[in-house]
Amino acid sequence: MRIIKATDYQELSHLAADFFIERVKENPEVTLGLATGGTPRGTYQRMAEDYYKNHTSYSRVSTFNLDEYVGLPADHPNSYHQFMKTHLFNKVDIPAKQRHLPNGVASDITSECLNYERLIEESGGIDVQLLGLGSNGHIGFNEPGTSFHARTHVVELAQSTREANARFFNGIDEVPREAITMGISTIMKSKEILLLVSGEEKAHALRQLLHGDVGEEFPASILTTHQNVTIIADQKALSDVPHG
Ligand code: F6R
């Protein structure tokens with residue numbers, strides 16, 4: 001695992017955007033795995049700025065998002081479909097047919113999960129997967145206790161995750177209880193992974209990832225066994241890591 005230390009969130013976002021822009025320039029047909037949440041917003045903003053200034057083209061790029069809330073239609077303001085439009089898709093030129101997120105209102109959620117997994121496989125798999133880190137160690141919405149063998153599936157969101165995400169809603173009661181998420185096994189099949197960790201509230205989780213044991217009670221721990229992981233973390237996130 002390669003760890004890149006950033007001074008603050010701004011630098012982290014800059015470095016992460018450069019990482020993606022480089023991958024897109026190297027391979028204009030790259031398949032990107034994308035994340036939502038607070039952490040990648042700055043990265044997407046930087047990518048959008050670069051697109052505006054330097055015209056890095058995403059016209060042949062395909063994307064697969066990690067997750068979507070069950071019960072929120074694509075046009076719901078808090079759906080991850082909308083998040084991606086607001087923060088990235090409306091700002092760069094990835095064609096709509098090449099952008100994928102699970103359908104949180106599919107009539108048959110089990111088929112939707114299988115179908116999503118099939119689409120990823122048919123696209124040749126994910127080349128570079130972006131991840132954020134949950135304070136409880138979740139990646140995607142794979143909460144503690146999720147099997148490392150899981151593929152795309154439905155999860156019940158942990159109370160701590162609903163509380164953390166309530167900031168995006170009008171209170172916790174509006175936060176859905178379930179989500180569709182790529183599984184740990186889906187994530188681990190990505191050829192390369194970029195994990196972004198920012199802020200004091202992630203310091204404990206980052207310490208556990210770097211210095212704890214590998215086990216399903218801390219899902220992100222599996223990343224230490226992947227061949228090609230880069231972590232970009234800011235000083236606050238590294239504040240609990242020995243010699244961080
Ligand atoms: C988002 C996702 C989650 C987040 C994690 C951190 O698509 O899958 O695992 O990456 O909850 O969220 P933030 O960045 O809001 O701290």
Inset, instruction - Quick one: among 71, 137, 124, which has the greatest mean-square fluctuation in a GNM of the chain with alpha-carbon springs under 10 angstrom? - result: 124
Legend entry - Loop-exposed GluC sites (Glu not before Pro) per DSSP, neighbour cap 15 Cβ within 10 angstrom, longest uninterrupted part of the chain: 30-216
Legend entry - Relative contact order (%) - criterion: Cα under 8 Å, at least six apart; region: the stretch 32-188: 27
Inset, instruction - List, in order, the whole-Hz ³J(HN,Hα) value for each residue of the stretch 30-39 obtained from phi through the Karplus relation with A = 6.51, B = -1.76, C = 1.60 and θ = phi - 60°; use x for Gly and Pro. - result: 4, 9, 9, x, 10, 10, 10, x, x, 4
Inset, instruction - Please list the non-local residues whose amide H lies under 5 Å from the amide H of residue 231, H modeled 1.01 Å from N, same-chain partners needing a gap of 5 or more. - result: 2, 3, 4, 195
Legend entry - Karplus 3J(HN,Hα) series, Hz, for the stretch 54-64 with 6.51 cos²θ - 1.76 cosθ + 1.60 (x for Gly, Pro): 10, 6, 4, 8, 10, 5, 10, 7, 10, 10, 10
Inset, instruction - List every residue whose amide H lies under 5 Å from the amide H of residue 215, counting only residues 5 or more places away in sequence or on a different chain, with H placed 1.01 Å from N in the peptide plane. - result: 221, 222
Inset, instruction - Could you pull the Cα extents of the chain along its three principal axes, largest to smallest, in whole Å? - result: 45, 41, 36
Legend entry - Cα-based shape type of the stretch 61-123, given that a ≥ b ≥ c are square roots of the gyration tensor eigenvalues and the cut on a/c is 1.5: oblate
Legend entry - Per residue accessible area of the chain, 1.4 Å probe, in Å²: 45
Legend entry - Vicinal HN-Hα couplings computed from phi for the stretch 197-210 (Karplus, 6.51 cos²θ - 1.76 cosθ + 1.60; Hz; Gly/Pro x): 9, 9, x, 4, 5, 9, 4, 5, 5, 5, 4, 5, 4, 7
Legend entry - Fraction of accessible area attributable to carbon and sulfur, the stretch 135-244 (%, probe 1.4 Å): 46
Legend entry - For the chain, calculated [θ]222 nm from helices alone, where every DSSP H run of n ≥ 4 adds -39500 (n - 2.57): -8500 deg cm²/dmol
Inset, instruction - Taking amide H positions as placed in the peptide plane 1.01 Å from N, state which residues far from residue 64 in sequence (5 or more) or on other chains have amide H under 5 Å from it. - result: 32, 33, 34, 100
Inset, instruction - On the protein heavy atoms, probe 1.4 angstrom, tell me the percent of accessible surface of the stretch 22-84 carried by carbon and sulfur. - result: 47
Legend entry - Convex hull volume per residue for the stretch 87-137, taking Cα atoms only, in Å³: 149
Legend entry - Most mobile of 14, 138, 76 in a GNM of the chain (Cα contacts under 10 Å): 76
Legend entry - Check: the chain dipole with +1 on Lys, Arg Cβ and -1 on Asp, Glu Cβ, in debye: 560
Legend entry - Considering only the chain, percent of DSSP beta bridges that pair antiparallel, nearest 5: 30
Inset, instruction - Check cross-link reach from residue 25 to the lysines: straight Cα distance under 30 Å, and skip same-chain residues fewer than eight apart. - result: 5, 53, 85, 91, 97, 189, 191
Inset, instruction - Specify which residue in the list 157, 197, 145 is farthest towards the positive end of the charge dipole of the chain, using unit charges on the beta carbon of Lys, Arg (+1) and Asp, Glu (-1), about the Cα centre. - result: 197
Inset, instruction - Springs between alpha-carbon atoms under 10 Å, Gaussian network over the chain: tell me which of 66, 119, 133 tops the mean-square fluctuations. - result: 119
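The values are calculated or read from the model by the stated rules, or taken from the named source; none is laboratory data. Predicted model, so just to flag it, every value in this text is computed and none were measured. As a convention, Cβ positions derive from the backbone with ideal geometry for all residues, glycine included, and neighbour counts pool all protein chains shown. The area values use the complete protein model at the heavy-atom level, side chains included, leaving out ligands, DNA and RNA. Shrake-Rupley method; radii C 1.70, N 1.55, O 1.52, S 1.80 Å.
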